[in-house]
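Here's the structure we're looking at; comments come further down.
Since every read-out is calculated from the coordinates, none of them should be taken as a lab result. Remember, predicted model here, so these are calculated numbers, not experimental data. Glycine also receives a Cβ, built like all others from the backbone with ideal geometry; neighbour counts cover every protein chain displayed.
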């Protein structure tokens, strides 16, 4: 009887520990650690009036979690979103990326795929050009995204390293925000993943800087980390006022640098 009671108590304690981070109302990590680390002394309004973040409540694949950030107003010289910081509370490196915009972005919308390592809040913190910070968050149920195994054909992945291409959504119109997508071939290795053939944990190797411009004017730039999925792709907007060159410059933490461009005709 005592043994059964002890086992029941042990199981209940294990369950309580295992699901300690599964409560969407638990803001302990954010309030006690992350907010002061990344936004010390700053006031952040919680609202979806500036940006709205969407993501699946339960991820099908924790290493490929689709997220979208939608801005609630267009970019203009008078009012625009300067920066969006994307934070995944429970990830080993919580800041997935810091994304910088200009009025030439047209809209500060973003879409990408993330790795999520444990049940966690995902936060988009937007800074507008008046210096105000606004946050919208969602809770995502996922686990193991940062340690999910590297694909079986690592050699093929390295052979494609740095290859990029743009895709445009429809025919661009002068002066109108145009939706574009940048696709990058890169394994974005986290340093926590095991190679399926060698069974060895591979050292980190990920993209850390991205710069996109149109006719030499900045449209989007970013500092990124291990939470961006393998073979990153980003959906974003830019405003072409005349025909010209859409250009991407990408850098990784091992010093790799790549450039790709697309001629845009109006």
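Observations on the model:
- Matching residues in segment 195-220 - criterion: being surrounded by fewer than 22 Cβ atoms within 10 Å (Cβ to Cβ) and under 18 Å from residue 67 (Cα atoms): none
- Of the residues making up segment 188-204, those that are over 13 Å from residue 232 (Cα atoms) and in a strand (DSSP E or B) are 194, 195, 201.
- Identity of the residue in segment 190-219, within 22 Å of the chain's Cα centre (by Cα) and without any contact (Cβ under 8 Å) to a residue 40 or more places away in the chain, that ends up farthest from residue 84 (Cα to Cα): 203
- The requirement of being buried (at least 16 other Cβ atoms within 10 Å of the Cβ), closer than 30 Å to residue 74 by Cβ and touching a helix residue (DSSP H, G or I) at 6+ places or on another chain (Cβ under 8 Å) is not satisfied by residue 166.
- Matching residues, segment 62-92, being farther than 24 Å from residue 176 by Cβ and surrounded by fewer than 16 Cβ atoms within 10 Å (Cβ to Cβ): 66
- Test: residue in segment 169-176 that is in a strand (DSSP E or B) and either touching a helix residue (DSSP H, G or I) at 6+ places or on another chain (Cβ under 8 Å) or surrounded by 15 or more Cβ atoms within 10 Å (Cβ to Cβ) (or both): no
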